[in-house]
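Please read the structure below before turning to the comments.
What follows draws every value from the coordinates through simple rules; no lab data is involved. Please read all numbers here as calculations on a predicted model, not as lab measurements. Virtual Cβ from ideal backbone geometry, glycine too; neighbours counted across all protein chains shown.
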C-alpha cells in the first residue's frame, strides 16, 4: 500500500510551475503525487516526470477535472469535449508514470437535477457507450479508468458504490474500476466499510478526506473500520489524501470550502499521512 497527495490541496490549476511543491511532498513522507490535470495544455508531461524523478516521487494516478463543458451525458459538443479530454489524460498518464485515470469522468461535477426515469435511462446508456470507448482506448495503452461516486450535491448520476458497480458491469471492461472517496461515502453510504467490501477487487483507488473535507483522523469517520474493510479485501492499491482549503480559490469554490477548516495545508498533509500510516496493515 502506498500513500499519495492530490495536488488540489496546493495548486489549481496544476501547471509546470506546480512542481515546486514536490520537494515538500517528499520531505513529508509521501510515496507519490496524484496530479489533477485540469487542462492538459498547462503542462509538459516530460518536464513534470523529470521533476518527479528528481525528487524520487511517482505519479501513480491522474485525477480528472470534469467541470463545465465536460459531460458524457451532456449535449453532443460536451460529449465530444469530454471524450477528447479523457483521451488526453490517458495519453499523458504513462508519460507521468501513471497507469490510472480517476475521478467522476462520467459527468460534469455540479450537475444535479431530478429527472424522469426514462431520461435517466437514456443518460445511463449514453455514458455506458462512451465509457466502453474510453476503456478500450485505455486498455490499448495499459491505462485503467476508475469512476468516482460523488455526493448528491455534486451529481445526480452516481452517488454510491452499488451504482458505480452497476455501471462497471454494464460497460463490461476489465479496464474500468471504482474510485471511492471517504468524504462522499460518509454522505451517501449506509456503511462505508461495507461499500469497500462490495467493491472488492474492483476498488482501484481510495481518496482519504475527513468528514468535513479536512484532515483524515481529525473527524468523525470510523477509519478503523475503513482499514479493516481494506484488509478484508486484501487491498494492495493506493490511498490518496485529497483535501481543500480556501487558499486555492478555484477548487475551493467548486468544493464549497468557505472557511479555514484546518490550521494549514501542511498540517492536513503531514498529520493526515501520519494517521493513515498508523492504521496501515
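Observations, loosely collected:
- Prolate/oblate/rounded call for the chain, Cα gyration tensor, a/c under 1.5 rounded: rounded
- Proxy reagent accessibility, fewest Cβ within 10 Å first, across 57, 194: 194, 57
- Note on residue 222 and residue 76: with the Förster distance fixed at 41 Å, the Cβ-Cβ geometry gives a FRET efficiency of about 0.40.
- Potential extension, residue 233-residue 194 segment - 0.36 nm per residue separation minus Cα distance: 13.0 nm
- Were the residues from residue 278 through residue 2 laid out at 0.36 nm apart, the gain over their Cα-Cα distance would be 98.1 nm.
- By the count of neighbouring beta-carbon atoms within 10 Å, fewest first, 26, 144, 198 end up ordered 26, 198, 144.
- Residue order for 143, 62, fewest other beta carbons within 10 angstrom first, comes to 143, 62.
- Averaged over residues, the count of other Cβ atoms within 10 Å places the peptides 115-124, 220-229 in the sequence 220-229, 115-124, highest first.
- For the pair residue 263 and residue 91, label points projected 7 Å from Cα toward Cβ lie 4.5 nm apart.
- Of the Cα atoms belonging to the stretch 91-141, the radius of gyration and Dmax stand at 14.2, 42 Å.
- Considering only 267, 20, 82, the mean-square fluctuation computed in a Gaussian network model of the chain, springs between alpha carbons under 10 angstrom, is largest for 20.
- Pairs of Cα atoms nearer than 8 Å and 6+ residues apart set the relative contact order; for the stretch 2-279 it is 17 percent.
- Distance from the alpha carbon centroid of the stretch 161-198 to that of the stretch 32-54 works out to 28 angstrom.
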